[in-house]
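Written out below as structure tokens is the structure these notes cover.
Every read-out reported here was derived from the displayed coordinates using simple, explicitly stated rules and does not represent laboratory data. Given the structure is predicted, the values throughout are model-derived calculations rather than measurements. Using ideal geometry, Cβ is built from the backbone for each residue, glycine included, and neighbour counts are taken over all protein chains shown.
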Amino acid sequence: MRLISWNVNGIRAVLRKEVFHPFLDSLEPDVLCLQETKAQQSQAELELPLHEQHWNSAEKKGYSGTAVFSKTTPLSLMDGLLPEVIVKHKVVGDAFGDPNTEGRVITAEFEKLFVVTVYTPNAKEDLGRLALRHTQWDPAFLDHVKTLEATKPVVFCGDLNVAHTPDDLANPKSNVGKKGFTDEEREGFQNFLDAGFVDTFRLFTQGNGHYSWWSNFAKARERNVGWRIDYVLVSEALQSRVSSAEIHPDVMGSDHCPVSITLDI
């Protein structure tokens, strides 16, 4: 199974740039997980004869949203976090809105595993959404995937909006305490690892210089001044079955690039 995750930063913009289908033909994903689709399915006019499409769009038009395209029909599909997890962690939102209405999570169940795609809320420049991340979202999402894992192994992927270590961004010193590199956000990611999930890219590649997002300013992508904030994590039970994990910076069309794993199942 080749699984690819990509924050497209607006699927309609990517389609207008005529890069989506060449990307799909080149990398041939069995499962494709998208974040920040910023559209309803009816607005995208996307024909994929080899893939079934499932969209979870935000109630707010042109904002957030996720999608899963799969060659194999999932056994089940669920939008959002598990209801009991929402209640337990009091995921009720903040002044910016209710993350439960922002199309941020899709869970697809297959015969041997769950695939979960997530678009994690951004902490905001002024850290106005950091409390939501730290006290509501991150603990709830971890509970969501651990609850699923009690049934079968889990692969989760997406834009987690955090650089885990200094190796995951080009300028760590100047970004300490800023959105995406606060202690609270980094702790949230570390909690995934402490719970037994595996950062697949780091199974194969160490060190810095490997990024999945670049600012649109100051030729950041051309100079590779970026952040690794897009991930694929797997249950420990799947670690030995991951035969590759890659970042694809040559795929243009968004300020993020795709990340992928190949899984022997």
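On the basis of the beta-carbon distance and an R0 of 25 Å, Asp98 and Gln40 show a calculated FRET efficiency of 0.85. With R₀ set to 25 Å, the beta-carbon distance separating Gln206 from Thr135 gives a calculated FRET efficiency near 0.20. Among beta bridges from DSSP that stay inside the range 110-265, the antiparallel ones total about 75%. Counting only DSSP beta bridges whose two residues both lie in the range 29-121, roughly 100 percent are antiparallel. Give, as a single signed number, the net charge of other residues whose beta carbon lies under 13 Å from the beta carbon of Glu52, with Lys and Arg counted +1 and Asp and Glu -1. Here the count lands on -1. Could you tell me whether the range 187-265 comes out rounded, prolate or oblate from its Cα gyration tensor? Rule is a ≥ b ≥ c as square roots of the eigenvalues, rounded for a/c under 1.5, then prolate if a/b exceeds b/c, otherwise oblate. Prolate. Label separation (Ala237 vs Asn224): 3.8 nm, computed from points 7 Å beyond Cα along the C-beta direction.
Approximating the spin labels as points 7 Å out from Cα along Cα→Cβ, the Lys71-to-Leu127 distance works out to 4.6 nm. Judged by the gyration tensor of its Cα atoms, with axes a ≥ b ≥ c, the range 108-179 is prolate; a/c meets the 1.5 cut and a/b is the larger of a/b and b/c.
Can you count the Lys pairs in the range 34-126 with C-alpha separation below 20 Å, eight or more apart or on different chains? Lysine pairs meeting the criterion: 6. Of interest is the spacing of the C-alpha centroids, which for the range 207-265 and the range 54-74 amounts to 20 Å.
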